[in-house]
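The values are calculated or read from the model by the stated rules, or taken from the named source; none is laboratory data. Just so it is clear, the structure is predicted and the values come from calculations on it, not from any experiment. Cβ placement follows ideal geometry from the backbone for every residue including glycine, while neighbour counts extend to all protein chains displayed. Note: areas computed on protein heavy atoms with side chains; ligands, DNA, RNA excluded. Shrake-Rupley method; radii C 1.70, N 1.55, O 1.52, S 1.80 Å.
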Amino acid sequence: MHISEKSANGYERVITGVDESSGYSGIIAIHSTVLGPGVGGTRFWNYRNEEEALTDALRLARAMTYKNSLAGLSFGGGKSVIIGDNKTGQREKIFRAHGRLIESLGGKYIAGEDVGTSPADIEIVALETRHVAGRRDLSGDPSPVTARGVFRAMQASAKYRWGSDNLSDRTVALQGCGHVGYYLAERLHKAGVKLIVSDVDPQKVARVVHEFSATVVEPENIYSVEADIFAPCALGGVLNDKTISKLRVEMVVGGANNQLLEPRHGDALEERNVLYAPDYAANAGGIINGAIELLGWERDFTFSKVDNIYDTILRIYDIAEREGIPTYRAADRLAEQRMEQAKSTIRS
C-alpha cells in the first residue's frame with residue numbers, strides 16, 4: 001500500500017492510502033487528540049473525486065471532535081472515508097486494506113461504522129487492526145442508539161418550543177430511511193407521530209411505509225412538505241441556500257452529520273425562526289454506544305448517557321437564548337469549553 005501525508009490547517013494528521021491490488025483508496029483525517037484518540041466512523045461513498053472525499057473527511061473529523069467533547073467522552077475527533085462503490089463485491093480486500101491504513105497510525109485513530117459500512121465490515125477491518133469499535137459481539141450496531149438520542153433531542157426541542165415533550169400527533173418529515181432513519185421512524189411511530197418520508201432507495205422507503213404507516217414523497221420534495229419537524233438522516237450539507245427557503249417546519253432535528261452546508265446556514269435558520277438542534281449534539285448516541293467497547297461501560301449506564309442528550313440540547317438552547325446567538329454557535333461554545341479545560345490541564 002502507498003501511504004502519503006496531506007497537510008490541512010487545524011488538523012493533527014491527514015493520510016491517504018492506495019492499494020491497487022484490492023482497488024482500495026482511503027483517507028483518514030485526525031482533527032484533534034486533546035481529549036483522547038480520534039474516534040469516528042468509516043464512510044464508504046462513491047465520491048466524484050479525491051478532493052470531494054477529502055473535504056468530507058475533514059468536515060466529519062472536526063464534527064467528531066465537537067461531538068465527543070459535548071458528549072463528555074475521553075475521545076478526540078477523527079474520521080475516515082473509502083472512495084468507491086459501496087455495493088462492491090470486493091469488501092474483504094478493501095476493508096482489510098483499510099485496516100492496514102488504520103494500523104499505520106498506531107492507535108491515534110479508532111474506526112467505527114458510518115454511511116456505507118456495517119458491523120460486518122468492522123469485523124473485517126479488525127483482522128488487520130485492533131483500533132476499531134462497533135464489533136457485533138461487543139458494542140454492535142450503533143444505529144438504534146443514535147436514533148434513541150435523536151428522539152430524545154426531538155423531545156427536548158418540543159419541550160423548548162411547545163412547552164411539552166409529547167410528540168403524539170406531530171408530523172415529522174424524515175429524510176433518509178437507512179440505518180438511523182429506520183430506527184428513528186420506529187420510535188416516532190410508537191410515539192404517535194405522523195411520518196412523511198423520502199429516500200433515494202425505494203426498498204428502504206417501502207419498508208418504512210409498510211411498517212410505520214408513513215407517507216412517501218420524492219426525495220426532492222421532502223424539504224417543502226408541511227410538517228412540525230424536519231429530520232435529516234442521510235448525508236450532510238442538506239441545509240443550504242436552496243433548501244432552507246423551502247422548509248415549512250418549526251424545527252430541524254436529525255441524525256445526519258454536517259447538516260449545515262456552511263455555518264451561515266445556521267444563521268439562516270435562525271432568521272426564519274426554525275429551531276435547529278445542532279447535529280453533533282443530537283446524533284451523539286452512536287459514539288456514546290461505542291464507550292461500551294472502548295471504555296468498558298455497562299449498557300444501562302451507556303443508555304442513560306444517551307438519554308442525557310435531552311438535557312444537553314436544552315442547555316444549548318438556554319445558552320443561545322441567554323447570549324443571543326444561534327444554537328450551532330452555542331453548541332460549539334459548550335464543546336470548546338471542555339477542550340480548553342483539557343488543554344489547560346495539559347499545560348499545567
- Cβ-Cβ under 8 Å pairs, at least 6 apart or on other chains, the range 324-338 side among the β-branched types (V, I, T), far side outside any helix (DSSP H, G or I): T327/L275; T327/Y276; T327/A277; T327/P278
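Within the range 119-131, can you find the residues that are of a type outside the set (V, I, T) and either touching a Leu at 6+ places or on another chain (Cβ under 9 Å) or open to solvent by 30 Å² or more (accessible area, probe 1.4 Å) (or both)? Give the steps one after another, and end with the answer.
Kept after step one, since they are of a type outside the set (V, I, T), are these residues of the range 119-131: 119-121, 123, 126-128, 130-131.
Hits for the range 119-131 are A120, E123, L127, E128, R130, H131.
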- Query: Quick one: V252 ticks every box in (1) farther than 17 Å from R161 by Cα; (2) free of Cβ contacts under 8 Å to residues at least 40 places away in the same chain; (3) touching a strand residue (DSSP E or B) at 6+ places or on another chain (Cβ under 7 Å) bar one, so which box is it?
  - Reply: (1)
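Looking for something assigned to a helix (DSSP H, G or I), surrounded by fewer than 24 Cβ atoms within 10 Å (Cβ to Cβ) and out of contact with any Pro (no Cβ under 8 Å at 6 or more places or on another chain) - is there at least one such residue anywhere in the range 71-89? Give the steps one after another, and end with the answer.
Taking the range 71-89 and keeping what is assigned to a helix (DSSP H, G or I), we get none.
No, there is no match, as no residue in the range 71-89 is assigned to a helix (DSSP H, G or I), surrounded by fewer than 24 Cβ atoms within 10 Å (Cβ to Cβ) and out of contact with any Pro (no Cβ under 8 Å at 6 or more places or on another chain).
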- Task: Please identify the pairs in which a residue from the range 139-164 that is farther than 9 Å from G286 by Cβ and among the hydroxyl-bearing types (S, T, Y) has its Cβ atom under 9 Å from the Cβ atom of a residue that is open to solvent by less than 30 Å² (accessible area, probe 1.4 Å) and assigned to a loop (DSSP other than H, G, I, E, B), counting only partners at least 6 apart or on another chain.
- Result: S139/A133; S139/G290; S157/V253; S157/A277
- Note on the structure: Subset of the range 315-326, residues outside any helix (DSSP H, G or I) and open to solvent by less than 30 Å² (accessible area, probe 1.4 Å), comes to I325, P326
- Note on the structure: From the option list N283, N257, N308, single residue qualifying as at pLDDT below 95 and either of a type in the set (S, T, Y) or under 18 Å from the mean Cα position of the chain (by Cα) (or both) is N257
- Item | Residue under evaluation R329, criteria (1) touching a Phe, Trp or Tyr at 6+ places or on another chain (Cβ under 9 Å); (2) at pLDDT 95 or above; (3) within 23 Å of L35 (Cβ to Cβ); (4) surrounded by fewer than 24 Cβ atoms within 10 Å (Cβ to Cβ), criterion not met | (1)
- Task: Determine, yes or no, whether D56 is open to solvent by 30 Å² or more (accessible area, probe 1.4 Å), over 24 Å from T327 (Cα atoms) and touching a residue at least 24 places away in the same chain (Cβ under 8 Å).
- Result: no
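Taking L101, is it modelled with pLDDT of 95 or more and not in a loop (DSSP other than H, G, I, E, B)? Working first, answer last.
Values: modelled with pLDDT of 95 or more: yes; not in a loop (DSSP other than H, G, I, E, B): yes.
Yes: the conditions hold for L101.
Can S164 be described as more than 19 Å from the chain's Cα centre (by Cα) and hydroxyl-bearing (S, T, Y)? Write out each step before concluding.
Working: more than 19 Å from the chain's Cα centre (by Cα): yes; hydroxyl-bearing (S, T, Y): yes.
Against the criterion (more than 19 Å from the chain's Cα centre (by Cα) and hydroxyl-bearing (S, T, Y)), S164 qualifies.
Among the candidates G140, G149, G134, which residue alone is under 20 Å from D279 (Cα atoms) and of a type outside the set (V, I, T)?
The unique qualifying residue is G149.
Of the residues S213, S198, only one is farther than 29 Å from E321 by Cβ, of a type in the set (S, T, N, Q) and within 22 Å of the chain's Cα centre (by Cα); which?
Values: S213 fails: within 22 Å of the chain's Cα centre (by Cα).
Just one listed residue meets the conditions, S198.
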- Here is a list of conditions, (1) part of a helix (DSSP H, G or I); (2) in contact with a Pro (Cβ under 6 Å, 6 or more places away or on another chain), and G134 meets all of them except one; can you say which number that is? (1)
- Message: Take A342 and tell me if it is closer than 17 Å to K67 by Cα, modelled with pLDDT under 90 and out of contact with any Asp or Glu (no Cβ under 7 Å at 6 or more places or on another chain).
- Response: yes
- Item | Selection from the range 59-70 of residues that are within 14 Å of T33 (Cβ to Cβ) and either among the β-branched types (V, I, T) or open to solvent by 40 Å² or more (accessible area, probe 1.4 Å) (or both) | R62, T65
- Scan the range 289-302 and give yes if some residue there is modelled with pLDDT of 95 or more, closer than 21 Å to R135 by Cα, within 17 Å of the chain's Cα centre (by Cα) and of a type in the set (A, V, I, L, M, F, W, C), otherwise no. no
- Can you tell which of V193, V180 is out of contact with any Lys or Arg (no Cβ under 6 Å at 6 or more places or on another chain) and open to solvent by less than 70 Å² (accessible area, probe 1.4 Å)? V180
- Check on V208, in contact (Cβ under 8 Å) with a residue 24 or more places away in the chain, in contact with a Leu (Cβ under 6 Å, 6 or more places away or on another chain) and open to solvent by less than 50 Å² (accessible area, probe 1.4 Å): no
